[in-house]
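Have a look at the structure below before the remarks.
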Amino acid sequence: MKLVSNYRDNNVLRGSFIQLASDIFGLDFTNWHEKGYWGSRYIPFSFTDGGRVIANVSVNELELIIAGKSLKALQIGTVMTHPDYRHRGLSASLMNHVLAEYEGKYDYVYLFANDSVLDFYPKFGFERVEEHQFSTIIPSNTDRAGLRKLEIPADLKQIEKIVYGRAPVSQAFATANSGGITMYHILNVFPDHLYYAEKEDAIVIFTEENGQVQLYDVISTSPVNITNILPAGEVVFHYTPDYKDLDFRSFPFKRDGELFVKIGIGQEFPRFFKHPLTSEA
């Protein structure tokens, strides 16, 4: 058994990793990699046996924007073990290795855990953190610009340019340098819900049902006025909004699983925030 990392360009190991992620989580990283979105900030740490990936803990190196300040963060994901190798402590060994590798280099380490492993992460110093979701009422606006539906692959180059040049969606709480994760969501989660607001030069990801908008992201290279984009009515945000001219209602957010955070010395975590869904790994 061997511990390996940074093997993005190794066809055999990468293929084995992609297969394990598909078998365990139903995730398909093939298209994401082929289009160049598996960047240097996504690093798998894996155990291999006979050249096959049998356990993994991946890290995403990014920044958290909290109250306008950029802080180094590490988001952990794709924690998985092949069924034939479970109950051997492989995930714990990989987690310890990752935490030792990055010790003192990041202000926060965090992850999204499913309900089956909620007792696992506190062993490594992670704490559960409650998120809050926000909603508002968008007033009627006669200056509202039309939205053009974006299509993949026809509009992919335009999408890439905006995603990789984006400004943080919020100065209250957001992520930066997370374009690879966002492109995964665009390709695999929201390909049918992408719109372009030409007036704001922004990609808007949302769904609408019964007069309520679920707003997943607004991707732009500069701040936007969302009242010029969205239809009038109730909007529920899947990120932390900080638009100055709107009043927001907040309420506890219940996800499938929990958010766990390991907070660096001297750092704090905000009380009222929602991690952007499109940068969750």
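The values are calculated or read from the model by the stated rules, or taken from the named source; none is laboratory data. Computed from a predicted model, the values in this text were never measured in an experiment. We place every Cβ from the backbone using ideal geometry, glycine too, and count neighbours over all the protein chains shown. We work out accessible area using only protein heavy atoms, side chains counted, and drop any ligands, DNA or RNA first. Shrake-Rupley method; radii C 1.70, N 1.55, O 1.52, S 1.80 Å.
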Considering (1) closer than 29 Å to residue 165 by Cα; (2) free of Cβ contacts under 8 Å to residues at least 60 places away in the same chain; (3) in a loop (DSSP other than H, G, I, E, B); (4) not aromatic (Phe, Trp, Tyr), say which one residue 18 fails and leave the rest. (3)
When you check residue 231 against the structure, is it open to solvent by 20 Å² or more (accessible area, probe 1.4 Å), out of contact with any strand residue (DSSP E or B) (no Cβ under 9 Å at 6 or more places or on another chain) and in a loop (DSSP other than H, G, I, E, B), yes or no? no
Could you check, for segment 38-54, whether at least one of its residues is over 14 Å from residue 79 (Cβ atoms), over 18 Å from the mean Cα position of the chain (by Cα), in contact (Cβ under 8 Å) with a residue 40 or more places away in the chain and not in a helix (DSSP H, G or I)? yes
In segment 151-158, is there at least one residue being more than 29 Å from residue 37 (Cα to Cα), open to solvent by 40 Å² or more (accessible area, probe 1.4 Å), part of a loop (DSSP other than H, G, I, E, B) and not hydrophobic (A, V, I, L, M, F, W, C)? no
Within the set of pairs 6+ apart or on separate chains, which have a first residue in segment 115-129 that is over 18 Å from residue 78 (Cβ atoms), a second that is open to solvent by 100 Å² or more (accessible area, probe 1.4 Å), and C-beta atoms under 9 Å apart? 122/128
So residue 93 ticks every box in (1) more than 22 Å from the chain's Cα centre (by Cα); (2) small (Gly, Ala, Ser); (3) open to solvent by less than 70 Å² (accessible area, probe 1.4 Å); (4) under 25 Å from residue 32 (Cβ atoms) but one. Which box is left unticked? (4)
Picking from 46, 22, 58, the residue that is small (Gly, Ala, Ser), under 30 Å from residue 266 (Cα atoms) and either modelled with pLDDT of 95 or more or surrounded by 19 or more Cβ atoms within 10 Å (Cβ to Cβ) (or both) would be 58
When only residues in segment 100-123 that are among the aliphatic types (A, V, I, L, M) and surrounded by fewer than 18 Cβ atoms within 10 Å (Cβ to Cβ) count, which is modelled with the highest pLDDT? 100
Within segment 174-196, track down each residue that is out of contact with any Asp or Glu (no Cβ under 8 Å at 6 or more places or on another chain) and farther than 23 Å from residue 31 by Cα. 174
Sole exception among (1) touching a residue at least 12 places away in the same chain (Cβ under 8 Å); (2) farther than 16 Å from residue 1 by Cα; (3) not basic (Lys, Arg) for residue 94, by number: (2)
Every residue from segment 234-256 that is touching a residue at least 12 places away in the same chain (Cβ under 8 Å), exposed (fewer than 14 other Cβ atoms within 10 Å of the Cβ) and part of a loop (DSSP other than H, G, I, E, B): 245, 247, 256
